[in-house]
Structure formats: C-alpha cells, structure tokens
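Here's the structure we're looking at; comments come further down.
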Amino acid sequence: MGTPHINAKKHNISNLVILSGDPIRVKYIAETFLKNAIQINNIRNMFGYTGKYKNILVSVMSHGMGIPSAAIYVTELIKFYDIKKMIRVGTCGTIQKNIFLKDIIIALGASTDSNFNRIRFKNYDFAAIADFHLIYKAFNIAGNRKINIHIGNFFTTDIFYTDDKEIVNILKKYNILAIDMETAGIYNIAAEYRIPVMSICSVSDHILLKNQLSTKERECSFNDMIEIALETIIS
Ligand code: HPA
C-alpha cells in the first residue's frame, strides 16, 4: 500500500497539500490548525497529517531538506496520490537589508545552483515560477489581514554552509530576497504535472546581519504564514 516513502492509504491524503521540510513543524501545523487530524505517514518519521481546515480536508506533509528529498515526496504525492494543489511553507535565509527575521516572503520564481532542473530540462535554464492565481490570492489574503509580505525571486541552493562571499554579493546584486533549499525543484516538478504551486517562507537566518531563530522558533513561530497558506489553498 502507498509508495516507497509514504504509507498513507490513497483516500487519506487530500488533493490540497501543505508541504513543509520539518516533520516537527508539520505536526505543529496539524495540531494547531487542523480539526480531527489523523497521522497519515510515519515512514522515516517524515510525518504527514490530514484534517479539516474550515471544514475542508487538507493534508500537511513533510518533505525533508534539499531538492532531492523534496522531489521524492512531491513526485509521489502527484503521481500516486493525485494531489491537485500544493503550497510549501518553509524557512529561508535572506541577504537583504530591508528584510528581517520572521518576515514572510513568497517565491514568485526561484533561481538555483542545483543541477536538478537542468538535468530534467536538457541543460537549458528553466524559469521556475509559482502559480499566478495562488500568488494573487495569497497577496490579497495577507493584505486583508494587514500582514506585510515580500514577493520576489528566491535562490534555491544545495549548500547550506558556505564560505563563498562572492555568491552573497551576487544574490544581493540581483535582488534575490530569500535563500532556501527546495523551491526551484518543487516548481519544476509542478510545471511538468500542471500542479498549481507556491512557496511561502519565513526568514529564519539573516546572513548579512548574522542572526538566526532558535530551533524552537523555527519549529513553530510562523502562524501568520501558515494561515496565509491554508486560506490560500482552500480558496
Ligand atoms: N540557506 C538556505 N536555506 C535555508 C536557510 C539558509 O540560510 N535558512 C533556512 N533555509
């Protein structure tokens, strides 16, 4: 039953899926925001849950860190579980002076140092973009709630720890707002299967100012972002 990495029964995963890297954050989202949530995956402790948000069935699934891990879960969710819409809620780094810890950033598109999209796109440059309608909805939902968000280009990296100062300057120069490790790959897979997708992240690491959130804050201090994602996916 299920796939090599997800042991949920097919009917136990909603076609609306919130994705997040950290299984503990996924548990937090399910326990805090979903009614009658049931756990639907435990393979590798990569927890997933399905429950109701405002009476609509939504699943929250973890995908681990980096494109290779995220690609496994996203591909299995699309190909085996037939999901129809997905939003990643995650954490990111920033290198911009006007963006601060806990700020919310939506990835309009994502550049990358990963070879994943090139392998799949015959070595050409794939423009990894979000679904316009999801961005539009999220923009309005945030505006109505007076939550300030940034929307722009991400850089999805394979390398969390680096001493390369040059890349930081280049990312700053080209107005990259956020650095994460999954968005470009997830957007690429979503394009292949025509699945509307959006990535919304909260800043956990300020690379310029050299400060970061604690582990506890990373797990569960992102309620505004999670609510924007849930409201967007059900609307
Ligand atoms: N770099 C890459 N990915 C991240 C970071 C970062 O600083 N913070 C959270 N995800």
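The values are calculated or read from the model by the stated rules, or taken from the named source; none is laboratory data. Since the structure is predicted, the reported quantities are computational estimates derived from the model, not experimental observations. Ligands, DNA and RNA are excluded from the accessible area calculation, which covers all protein heavy atoms including side chains. Shrake-Rupley method; radii C 1.70, N 1.55, O 1.52, S 1.80 Å.
Computed with a 1.4 Å probe on the full set of protein chains, the accessible area for residue 125 sits at about 120 Å². Between residue 168 and residue 118, residue separation times 0.36 nm minus the direct Cα-Cα distance comes to 15.8 nm.
For region 180-192, 3J(HN,Hα) computed residue by residue from phi via the Karplus equation (6.51, -1.76, 1.60; θ = phi - 60°) reads 9, 10, 9, 4, 4, x, 5, 5, 5, 5, 4, 4, 4 Hz, glycine and proline entered as x. Across q = 0.24 Å⁻¹, region 47-129 modelled as identical point scatterers on its alpha-carbon atoms has Debye log10 I(q)/I(0) values of -1.35, in the order of the q list. Report the antiparallel proportion of the DSSP beta bridges in region 8-69 as a percent, rounded to a multiple of 5. Among the beta bridges of region 8-69, antiparallel pairing accounts for roughly 70 percent.
For residue 151, the residues 5 or more places off, or on other chains, whose built amide H falls under 5 Å of its own are 106. Annotation: the antiparallel percentage among DSSP beta bridges lying fully within region 93-154 is about 25. When the convex hull of its Cα atoms is viewed from all sides, region 129-235 shows a mean projected area of 7.8 nm². When all protein chains stay in place and ligands, DNA and RNA are ignored, the 1.4 Å accessible-area order of 193, 124, largest first, is 124, 193.
Starting from the Cα coordinates of the chain, work out the convex hull volume and express it per residue in Å³.
On the way: hull volume 27.5 nm³, N = 235.
Here the figure is 117 Å³ per residue.
Before I look further, what does the chain give for accessible area per residue, probe 1.4 Å, in whole square angstrom? Let's see the in-between values first.
Numbers: 11540 Å² over 235 residues.
Value for the chain: 49 Å² per residue.
When the pairs 54/137; 102/165; 172/210; 10/52; 52/137; 9/52 are compared against a 22 Å limit on Cα-Cα distance, 102/165 fall above it. Within the accessible area of the chain, the carbon and sulfur atoms contribute 55%, probe 1.4 Å, all protein chains present. Compute log10 of I(q)/I(0) for region 80-179 with the Debye formula, placing one identical point scatterer on every Cα and leaving out solvent, at q = 0.22, 0.24, 0.25 Å⁻¹, to two decimals. Ignoring solvent entirely, the Cα scatterers give -1.31, -1.42, -1.46. Each residue was assigned an accessible area with a 1.4 Å probe, and for residue 118 the value is about 90 Å². Tell me, what is the 1.4 Å probe accessible area of residue 101, in Å² to the nearest 10? Per-residue accessible area (residue 101): approximately 50 Å².
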